[in-house]
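One structure is given here, and the rest of the page talks about it.
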Amino acid sequence: MSSIDTNQYLSAFLDEASDNLKGLDDLTLELEKDPEDMSVVNGIFRTAHTLKGVSATMGFQNMASLTHALEDRLEAARSGRHHLDGNDVDMILQCLDMMQSMVDLIRAGDTDRKIDVSELVKSLRSFEENESRATKKESNETDGAKKDDVSLSTDQLDSFLKEAAHSNAKAFLAYIELSETCLLKAARAYIIINRLEEFGTIFKTEPNIDSVENEDFDNKLKIFLITKVNKDEIKDVLQKVSEIAVVEVDEFDVSSMENIDNIAVEANTGRIKSDDAKDNDSLSSPPADAGGRQFAQVKPVAANSKKGGNQTVRVDIGRLDKLMNLVGELVIGRARIERLVQEARLREFDEPLSQLGRISSDIQELVTKLRMVPVSFIFDRFPRLIRDISKNLGKDVQLVLEGQETELDRTVIDEIGDPMVHLIRNSLDHGIETPADRVAIGKPEKGILKISAYQEGSGVIIEVQDDGKGIDVEKVKKKAIERGLISTEEAQAMPDEEALKLTFLPGFSLAAQVTDLSGRGVGMDAVRTKVEALGGQFDVSSKVGVGTRVFVRLPLTLAIVLALLVKVSNEIYAMPLENVEETILVKKENVRTLNGTPATLLRGEVLSLWGLASALGTPKDSVDRDEYPVVVVKTGKNRIGFIVDELIGQQEIVIKSLGRFLSKINGIGGATILGDGNVALILDVSSLSFGR
């Protein structure tokens with residue numbers, strides 16, 4: 001196929017390849033727990049086979065060669081000629097990393113030819129050298145005698161029937177003879193295989209796929225299929241394919257494994273006895289792989305798809321961004337119309353405006369939901385990451401994931417991935433101890449790293465918690481004194497919660513030496529900076545010997561938010577309600593000075609007051625007031641009261657970027673257009689409070 005033909009499918013190929021690699025990653029981690037689990041081996045084999053086919057079709061030969069070699073090694077395991085172990089798992093993961101690098105190169109407009117796969121392909125096929133010559137000779141003789149009638153070995157058939165029984169499905173052998181006048185045998189065989197894949201899982205084809213693709217076969221096909229549909233439906237679908245002379249479908253008896261040898265003999269003839277097989281007219285979804293997961297190559301049952309499962313379509317994220325921008329303009333336009341109608345007091349516009357408001361709100365809500373993706377989008381990479389890091393550090397870590405279905409805006413998801421990796425590295429490197437150290441202090445040998453997500457109000461909370469050694473506050477203070485960040489007197493008077501925040505400072509690290517994982521002092525600072533840039537909040541709590549808990553609060557979306565409008569020095573500013581706890585009026589006589597800072601009592605607690613005009617560097621209101629409007633905001637565990645000139649009210653705002661040159665202004669997180677057409681700056685409350 002020419003490059004002109006394949007370019008239009010490149011995006012779909014990259015998406016499918018990424019999905020398949022993620023599925024392979026999960027299955028390989030399952031395989032590491034039990035290398036003898038044939039259902040997992042079969043799942044990896046099928047996904048690798050799918051990836052091989054699409055990469056070869058797209059002309060990416062290095063990827064096809066690598067997946068082909070991986071497929072051969074897995075086939076040897078399926079047939080009992082090779083027993084998988086930890087080295088095989090490491091090799092499979094190395095393959096997946098190499099294929100992911102190829103996908104990244106292709107996505108960047110390059111090719112997979114830049115990555116040399118020859119050594120890894122050689123390693124994957126090294127098991128062939130260990131096979132005895134006698135076994136090879138016997139295999140060759142069998143192939144020579146039965147070239148037209150290749151069959152399942154007893155081990156293969158055993159695996160085939162066990163997988164069907166494990167999936168609570170049926171096992172079929174479909175025997176097809178193409179018409180003598182069929183010209184494009186490979187294309188016809190591909191149609192047959194594709195139709196059968198719609199029903200469930202193809203365990204094996206005879207001849208194999210490579211022979212089919214190269215048309216190196218006669219007119220006969222045998223396909224071993226695992227599915228939950230009945231025999232008649234399979235036969236009916238095959239008979240509708242043109243240029244087929246003979247179709248026969250027989251069912252294996254998977255209810256009993258006692259006659260496995262007899263069944264193998266019957267299968268070798270290309271026919272099996274199915275007189276006692278009972279048809280089952282009930283239809284259901286295809287069997288799932290280990291852990292109940294289903295992957296792209298296992299398609300839903302055709303009959304079921306008509307009854308209704310959710311159908312999806314891939315949409316380029318750029319189009320969703322453009323749609324969200326248009327919805328933002330709609331919100332701005334609606335606000336301007338409402339303001340003009342209010343000023344003109346045109347009552348006859350009330351009803352149509354109300355209807356317009358409902359419609360635009362529904363559109364806004366729908367578009368926002370379209371952009372929402374589950375946090376599993378980033379959580380799914382953590383098992384592999386933690387497996388590699390913990391193995392490198394010689395630590396035994398159990399990962400606990402909760403709330404993967406919690407949804408966030410795609411933009412937030414894309415931005416939070418790297419900070420999460422920093423947090424995980426910190427927990428594994430600095431927090432969780434080695435197995436020997438844990439046993440010595442009475443802890444279980446295996447450490448626990450828990451990552452959870454849940455929605456709270458208009459935001460999402462992500463927590464990373466470990467049961468490691470915790471952060472030693474005294475060591476933090478000592479390190480800060482050594483670096484001249486605080487004095488000895490300040491360290492003695494500093495509460496533990498404030499001392500923990502010293503770890504957020506740029507370049508601060510407790511690591512004794514720089515390693516590949518840590519020691520450069522960029523981890524916690526990078527996380528805090530990114531979270532606050534997203535309009536979120538970041539906090540850490542820790543107890544020596546017990547563990548550390550990192551708390552991240554993120555907004556659901558970054559595009560359209562509800563904000564509180566305030567006036568300061570004749571300018572209007574917007575404060576996202578995500579950061580606002582409440583608004584109060586503080587009488588002048590209730591303002592006191594505490595350690596040089598204005599403060600007041602709010603329900604028995606001290607609330608520090610800070611003039612927003614001073615924070616922004618704008619002229620102060622010279623009017624002497626009897627009471628001050630105060631906006632109470634919460635950043636982490638701290639509450640601060642910002643004194644403003646006037647509280648205007650709540651309004652939906654569309655966040656607009658200030659551009660590259662103005663994006664780093666302290667305290668300003670963007671801008672928005674108000675209903676009267678004027679521009680209002682959006683305040684970044686967290687950076688303002690840190691600026692104190």
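Please identify the pairs in which a residue from the stretch 385-402 that is of a type in the set (D, E, K, R) has its Cβ atom under 7 Å from the Cβ atom of a residue that is assigned to a loop (DSSP other than H, G, I, E, B), counting only partners at least 6 apart or on another chain. So the pair list comes out as K395/I432; K395/T434; D396/E445; D396/K446.
With the condition kept exactly as written, say whether any residue in the stretch 486-499 is of a type in the set (A, V, I, L, M, F, W, C), part of a helix (DSSP H, G or I) and within 30 Å of P576 (Cα to Cα). Among the residues of the stretch 486-499, at least one is of a type in the set (A, V, I, L, M, F, W, C), part of a helix (DSSP H, G or I) and within 30 Å of P576 (Cα to Cα), which makes the answer yes. Within the stretch 312-368, restricting attention to residues that are of a type in the set (D, E), under 37 Å from the mean Cα position of the chain (by Cα) and part of a helix (DSSP H, G or I), which residue is farthest from T411 (Cα to Cα)? Applying the filter and picking the extreme gives D362. Could you check, for the stretch 586-593, whether at least one of its residues is in contact with a Lys or Arg (Cβ under 9 Å, 6 or more places away or on another chain) and loosely packed, with under 15 Cβ neighbours inside 10 Å? Yes. In the set D110, D104, D88, only one residue is assigned to a loop (DSSP other than H, G, I, E, B) and either without any contact (Cβ under 8 Å) to a residue 24 or more places away in the chain or outside the structural domain of F160 (by TED's automatic domain parsing) (or both); that residue is D110. S458: exposed (fewer than 14 other Cβ atoms within 10 Å of the Cβ), small (G, A, S) and within 21 Å of G417 (Cα to Cα), yes or no? Yes; evaluated as a whole, the condition is true for this residue. When the stretch 64-84 is filtered for residues that are over 27 Å from the mean Cα position of the chain (by Cα), assigned to a helix (DSSP H, G or I) and polar (S, T, N, Q), only S65 remains. Scanning the stretch 405-440 for residues that are under 20 Å from T368 (Cβ atoms), outside any helix (DSSP H, G or I) and not aliphatic (A, V, I, L, M) gives E405, T406, E407, D409.
Considering the stretch 616-668, the qualifying strands (runs of 3 or more DSSP E), each wholly inside and each with 1 or more residues that are of a type in the set (F, W, Y) and modelled with pLDDT of 80 or more, run over 627-635, 638-643.
Reported count of residues in the stretch 375-384, each being buried (at least 19 other Cβ atoms within 10 Å of the Cβ) and either without any contact (Cβ under 8 Å) to a residue 40 or more places away in the chain or not hydrophobic (A, V, I, L, M, F, W, C) (or both), is 0.
If I filter the stretch 158-179 down to residues being small (G, A, S) and in contact with a helix residue (DSSP H, G or I) (Cβ under 7 Å, 6 or more places away or on another chain), which single residue comes out as farthest from K222 (Cα to Cα)?
Looking at the filtered set, the residue picked out is S159.
The values are calculated or read from the model by the stated rules, or taken from the named source; none is laboratory data. Fair warning: this is a prediction, and the values are worked out from it, not measured in the lab. All Cβ positions, even for glycine, are placed from backbone atoms using ideal geometry, and neighbour counts span all protein chains on display.
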